[in-house]
Structure formats: C-alpha cells, structure tokens
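The values are calculated or read from the model by the stated rules, or taken from the named source; none is laboratory data. These figures come from a predicted structure and were not determined experimentally. Cβ sites come from the backbone with ideal geometry, for glycine too, and all protein chains shown count toward neighbours. All accessible areas refer to the heavy atoms of the entire protein, side chains included, with ligands and DNA or RNA removed. Shrake-Rupley method; radii C 1.70, N 1.55, O 1.52, S 1.80 Å.
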Amino acid sequence: MPVTHAARGESNPLLVSGEGQTYLVGDEVYLRPFAPADAEFSQSWRFSRFPMSPDRVRGKLDEGKAGDSSGKNRVHLLIVRKGDDRPVGSVLIHTSWFPSYYVEAATDPIFGEAGDRWRGEAAVMVMQLVVDEWQRPIVQFAPLADETATIARLEKIGARECMRFREMYSRNGKRVDGLMYEYLNGDWMERLGDPAERELPRSGTGQPRPVTAPVALKDDPPANAVRVGPWVYLRPIQEDDAVHAAHWSMRESDANWGNGRGVVSGRAWWHEMEKLQKESPQEWVRFAVCLRDNDEAIGFVGIDDIDYTHRFGESESELVNPSYRGNGYGSEAKHLLFDYAFNTLGLHALQSWVLFENTRSAAALRKQGYREAGRSHWDIPRDGAFTNVVTFDLLGEEWRAMPRRVDTESS
Ligand SMILES: CC(C)(COP(=O)(O)OP(=O)(O)OC[C@H]1O[C@@H](n2cnc3c(N)ncnc32)[C@H](O)[C@@H]1OP(=O)(O)O)[C@@H](O)C(=O)NCCC(=O)NCCS
C-alpha cells in the first residue's frame, strides 16, 4: 500500500519526503528521522516482536519515547522505500560505547527477500556514515549467517567477519549462526595497526574438565538453594548480599577484569537486583554463590540479555572476594548455572565476552567447555589505544555431552 495523502497530511510533508536529501540515500531505500505519520506503519519499523496499535505508537513518537534521534545514546532512523516513500524498517546506531559503535537494522519480514536487501543497504549506509564521515574508529553489525546478500554488501565495502556464534537464532524451524561484522576506519588502523593481528594472551591448560554439578543430596538442601554442588550452592540474591558486594568492591585487587575497578554502592546495587527480580520473565537472572561449609556468599553468577524466542543468553560470574579465585569455585558455580540455563530455562546456547587481559576468566571458560567464537576489536580504551574482547559460546548439547563427575553424599 502506498503512503496515503491522509497519513502524509498528519505530518508536515517536508518531514516525510526524501526529495533533495543529500546523504543516506541508497539504490532502493533512503534513511530519515521519524515524523508522527510514521506511526501508521509502525509494525514495519518497530524492533519489538509484539504488536502495538498506531495510536499508542503515535503517543510514544509525540513524547519522544520512540523514533527519537536526539541524545539518549542512540540514533534511530527510518528505512524508507524510494519511489513511494513507504516506511519498511528502521536502523539504530548505538553511540554510548566508546570507541566502538554498534548498528542494528530491521525490516518488516512481510517483504521477504526484498526486506533483507533493504536491511543490508541501510546497514552499510550507516556504517559508512559512522566510520568514514563521523570518523569513529570502528562500527559493528550482526547479520545472520544465511543473509548472503547483506554479507556480500558488507564485504564489498571492506567490512569483515569477526565473530560467529553457533546456532544463535531460530529461523523457520532451523538454527542459524549469528555473525558479527566489523568495519574499521583506515586512518585509525594506520595509527594503531590492525587489531586482528594482536595475539590473544592465554593462561591455564585450555582443557575442558568433567562437569561437577549438581550433587544428589542425602540431607536437606540449604534454605532457598536452587542448585547444590560439592562445594558451593546457588540461591536467589537477597538484600543482605549488598553488604558483601559493596565491601569487596573497595577491596578489589585486580583492575584487569573490567574496564578498571567499579565502585559498588550497596543500596543502589540492591535496588538494581530487586528490579531484575520484579520482571517476568527476567531478562537477567542472577544468583548468589554460597559456600556449603558456612553459607558465606562469595560471589554472583547470572545469565544476562536472555532472548526467550531464540533461546540464548550471556553468562557472567564474579567471585567478589579475590582470595577465593583460582580454586575452582567459579567453575563449579558456572556448571550449576548451566544446569539451570539448559535444563530449567531450556536455553539452546550461551555466550561469554572477556577482555583480552582477563586471562583467568578465559581459562575458566575453556575449562567449563566454552569454545572461542571470535573477537570484538577495539572494544575499550587501554594504554592510549584500544584493547580487544575475546568471545565464546557453548551449546546446551555440548555441555550435556561433557563427562560428568557423579557425587552422591552420605548423611
Ligand atoms: C572468573 C572467575 C569467576 C573464575 O572462577 P575461578 O574459580 O577463579 O576459576 P577456576 O579456578 O575454575 O579456573 C581458573 C583458571 O584460570 C587459571 N588461573 C588461576 N589463577 C590465575 C591467574 N591469577 N592468572 C591467570 N590465570 C589464572 C587457572 O589455572 C584455571 O585454568 P586451568 O584449570 O585450565 O589451569 C573468577 O576468577 C573471578 O571472579 N574473577 C574476577 C571476576 C571476573 O573476571 N569475572 C569474569 C568477567 S568476564
């Protein structure tokens, strides 16, 4: 259906036409900011998988809560078909992460292959805007492995694959790998060298070890325990855990596992955790890791950014008291978490992202069965340049096939 005069009439016509536009104009589509009339076509450009009436979307557009391109660490643009000015999708440029920008693009699946083509064209236009015109060092975009037309476009401008998460998406009943492409600025590359050539530092054996969890208990489990292993158990995070989180944040001895040390305020931390628990379903599920010996909470593990449609998430872990690290507690807690992720949530795969300098965390992931999935280059500032992140993935079926240590306890 072409854009009607009625719909156009609700916006100033100057805002819903690409006539005379000097940039972000491709062969088949052009990109522009949003206007109120775009609410009529919101099912084509909203990123959500769930429906919403045009009136509600119009309200959000009016309030600047949708389609807003000013501030808020993101630029949201409409993908419009040339010729008839029909909105067919949208692109989001995430600008909050320094120095790496990230682009998302979606077109209405109702347009089939043409929609995939427009998505690729739009993504490439904004990647070139970010890197060639705005001079940002790097921009990333994540196509699916079966989007061959998009991949061909990306490779034509010199973008390259830097990560491959196996079987990440479910498309028409089949699992498809999720890729990440990076497009680097040539001037930055000349100054800093090609980040892909930097060798990944390593520690540990690199060998997966038998799964240790959970144990078959003869006695009652600890109160509120969700999974119990030989040495540690997982339970929901509770308010008094905030004291440990805040206490140990100021006693952290290792500045390498994040982008420097992060100060934790107990109250703010607990409010964040409480907020996660109020959601349903929870997109970030976290547990406290407690010693079975004395119930001390020694750290936290969780699954973040859970996608319940495609059934993947990102695992995270921290033993807050540094003296417990390197003794296998973290890996035992992770195996309890995997049991929860794959057997309770029914996830298909997990990912993990680790700073190059955090060799202990990478060694622990290899020990837990994770495989390397690639690298996110120039991810954060370090030493007057930018350092990289190494990424991993683990499929549920791989974890199930790992050898198991069966621990049965006598009372
Ligand atoms: C990451 C973490 C949860 C892992 O738990 P853990 O109990 O320490 O892990 P494990 O003891 O099971 O395994 C550690 C591996 O690193 C190696 N290692 C131990 N100490 C190390 C050190 N100081 N430097 C480098 N490698 C080290 C070990 O040899 C082992 O590998 P291997 O068994 O193959 O030889 C824990 O170390 C931690 O909380 N670190 C700080 C927070 C963090 O980095 N979180 C992850 C962010 S991505």
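Distant-in-sequence amide contacts of Asn388, defined by a placed amide H-H separation under 5 Å and a gap of 5 or more residues or a different chain, comprise Phe356, Trp378, Asp379.
For Gln238 and Glu279, FRET efficiency with R0 = 22 Å and r from the beta-carbon atoms, rounded to 0.05? Walk me through the numbers before you get to the answer.
On the way: r = 17 Å, r/R0 = 0.77.
Efficiency, from the Cβ-Cβ distance: 0.85.
Sequentially through the stretch 312-323, phi angles give Karplus couplings (6.51, -1.76, 1.60; θ = phi - 60°) of 9, x, 10, 8, 9, 7, 8, 9, 5, 8, x, 5 Hz, Gly and Pro residues having no value and appearing as x.
Taking the square roots of five times each eigenvalue of the Cα gyration tensor of the stretch 306-411, the equivalent ellipsoid has semi-axes of 27, 19, 11 Å, listed largest first.
To the nearest 20 debye, what is the magnitude of the charge dipole of the chain about its Cα centre, counting +1 on the Cβ of each Lys and Arg and -1 on the Cβ of each Asp and Glu? Write out the running numbers ahead of the final one.
Numbers: 50 positive and 62 negative charges, 93 e Å.
With Lys and Arg at +1 and Asp and Glu at -1, about 440 debye.
Per-residue ellipticity at 222 nm computed for the chain from its helices equals -6500 deg cm²/dmol, with DSSP H segments shorter than 4 residues left out and the rest contributing -39,500 (n - 2.57). With a simple spin-label model that places each label point 7 Å from the Cα along the Cα-to-Cβ direction, the separation between Arg209 and Asp307 comes to 3.2 nm.
Determine the per residue accessible area of the chain with all protein chains present and a 1.4 angstrom probe, expressed in square angstrom. Spell out each step's value before the answer.
On the way: 19970 Å² over 411 residues.
For the chain, the per-residue accessible area is 49 Å².
When only alpha carbons are used to place a centre, the stretch 157-209 and the stretch 378-404 end up 10 Å from one another.
With a 1.4 Å probe and every protein chain kept in, tell me what percent of the accessible surface of the chain is carbon plus sulfur.
On the way: 9860 of 19970 Å².
Exposed carbon and sulfur together represent 49 percent of the surface.
Within the listed set Asp241, Asp62, Asp379, the Gaussian network model of the chain (springs between alpha-carbon atoms below 10 Å) gives the highest mean-square fluctuation for Asp62.
Treating only the Cβ atoms of Lys and Arg (+1) and Asp and Glu (-1) as charged, compute the dipole magnitude of the stretch 5-193 about its Cα centre; round to the nearest 20 debye.
Numbers: 25 positive and 28 negative charges, 106 e Å.
Computed about the Cα centre, the dipole is about 500 debye.
Dipole of the chain computed with +1 at Lys/Arg Cβ and -1 at Asp/Glu Cβ about the Cα centre; of Pro230, Asn185, Asn343, farthest Cα towards the positive end is Pro230. Between Lys156 and Asn294, the C-beta separation translates, for a Förster distance of 60 Å, into a calculated FRET efficiency of about 0.50. Taking the stretch 227-401, how much of its Cα-Cα pair set, in percent, is spaced more than 22 angstrom apart? The share of Cα pairs beyond 22 Å in the stretch 227-401 comes to 46 percent. Relative to the current alpha-carbon distance between His94 and Asn321, full extension at 0.36 nm per residue lengthens the span by 78.3 nm. The P(r) of the stretch 124-277 has a tail past 26 Å containing 61 percent of all C-alpha pairs.
About the Cα centre of the stretch 320-394, how large is the charge dipole given +1 on each Lys and Arg Cβ and -1 on each Asp and Glu Cβ? Please answer in debye to the nearest 20. Could the numbers behind the result be given before it?
Working: 8 positive and 7 negative charges, 31 e Å.
So the magnitude is around 140 debye.
Taking a straight Cα-Cα cut-off under 18 Å and skipping sequence neighbours fewer than 8 places away in the same chain, the lysines within cross-link reach of Lys334 are Lys367.
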